[in-house]
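Asker: Below is a structure I'd like to ask you about.
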Amino acid sequence: MDITGFESLNKSEIQIFKEGHCQVNYTNGETIVKEGTQCNNVICIKEGYAKLHIQGLDNKNIIIKILKKGDFIINPGVFTSTNNISQFTVSALSNISACLMDLDAFHEVFYNNKAFATYVLNLNNNLITNLFNQVIDLSHKKMSGRVANALLYLSNSIYESHFFKIHLSRQELADLSSVSKESLLRILKDFKQDGIIKINGNHIEIVSSDKLRNISNYG
């Protein structure tokens, strides 16, 4: 298992996972986890991108986080014995290779390997932080600030580059920014005209991170 997060496992722990896992491939657009269904596995993404989202009012999707290689899909209920129902949906944004781990195997390693547990908890903490940030964005930021924040998130945390090919549709980018698709297109056009970004199809280049960060902070 050459995935970030598994480096701390010893041979016996790796064997535990090997005996209690299977590899599954998903195609672009396929549902990996469905909100409201029983969660029987912990899933680790080996290759590809996915969106973790919930359904809001009027059936509007709210994208909480973009998942990539090394990310775990862990329902909060796996750490309790009372509620193991998924609280979110995960959908593939590209073709994905994933590892489905048996809950008993995951628990055995999680509770006995401090480094592995710390890695998993840090990922979960990032998810909670994203939720808090979205509440702040909705409460205090204008639409331009939300879009700027989403672009910086993609650039810094997901693609780790100022120039990237986005795996989100314009509607999905709007869902990530918590704005309408029409507002997103208008704001992207304004950013482009102001020389802050360049857009060519699904390719986006952040020309001025400072200006975009300023809009994110004060927009």
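Asker: Are any residues in segment 151-189 within 14 Å of residue 204 (Cβ to Cβ), at pLDDT 95 or above and small (Gly, Ala, Ser), and if so, which ones?
Answerer: Result: 155, 161, 169.
Asker: Of all strands (runs of 3 or more DSSP E) completely enclosed by segment 32-129, which ones contain at least 2 residues that are touching a His at 6+ places or on another chain (Cβ under 8 Å), more than 22 Å from residue 16 (Cα to Cα) and polar (S, T, N, Q)?
Answerer: Ranges flagged: 89-92.
Asker: Step by step: first the residues of segment 67-77, then only those that are more than 24 Å from residue 165 (Cβ to Cβ) and buried (at least 17 other Cβ atoms within 10 Å of the Cβ), then the one that is modelled with the lowest pLDDT. Which residue is that? So that I can check it myself, show each step before the final result.
Answerer: So in segment 67-77, the residues more than 24 Å from residue 165 (Cβ to Cβ) come out as 72, 74-77.
Pick out the ones that are also buried (at least 17 other Cβ atoms within 10 Å of the Cβ) and you get 72, 74-75.
Working: 72: 87, 74: 86, 75: 82.
Checking each candidate, the answer is 75.
Asker: While we're on this one: Residue by residue through segment 137-167, note down the ones that are outside any helix (DSSP H, G or I), surrounded by 14 or more Cβ atoms within 10 Å (Cβ to Cβ) and of a type in the set (Ser, Thr, Tyr). Full working, then the answer.
Answerer: Narrowing segment 137-167 to residues outside any helix (DSSP H, G or I): 141-142, 159-167.
Remaining after also requiring surrounded by 14 or more Cβ atoms within 10 Å (Cβ to Cβ): 141-142, 159, 162, 164, 166-167.
159 - this is the single residue of segment 137-167 that is outside any helix (DSSP H, G or I), surrounded by 14 or more Cβ atoms within 10 Å (Cβ to Cβ) and of a type in the set (Ser, Thr, Tyr).
Asker: Hey, does segment 187-199 have a residue that's within 21 Å of residue 136 (Cα to Cα), outside the structural domain of residue 54 (by TED's automatic domain parsing) and surrounded by 13 or more Cβ atoms within 10 Å (Cβ to Cβ)? Show your work before the answer.
Answerer: Keep residues of segment 187-199 that are within 21 Å of residue 136 (Cα to Cα), which gives 187.
Those still in the list that are outside the structural domain of residue 54 (by TED's automatic domain parsing) too: 187.
In the following step, the residues that additionally are surrounded by 13 or more Cβ atoms within 10 Å (Cβ to Cβ) were identified as 187.
Looking through segment 187-199, at least one residue is within 21 Å of residue 136 (Cα to Cα), outside the structural domain of residue 54 (by TED's automatic domain parsing) and surrounded by 13 or more Cβ atoms within 10 Å (Cβ to Cβ).
Asker: Let me ask something else about it. Is it fair to say residue 211 is touching a strand residue (DSSP E or B) at 6+ places or on another chain (Cβ under 8 Å), surrounded by fewer than 19 Cβ atoms within 10 Å (Cβ to Cβ) and at pLDDT 95 or above?
Answerer: no
The values are calculated or read from the model by the stated rules, or taken from the named source; none is laboratory data. No experiment lies behind these values; they were computed from the predicted model shown. Note that we place each Cβ from the backbone using ideal geometry, even for glycine, and neighbour counts take in every protein chain shown.
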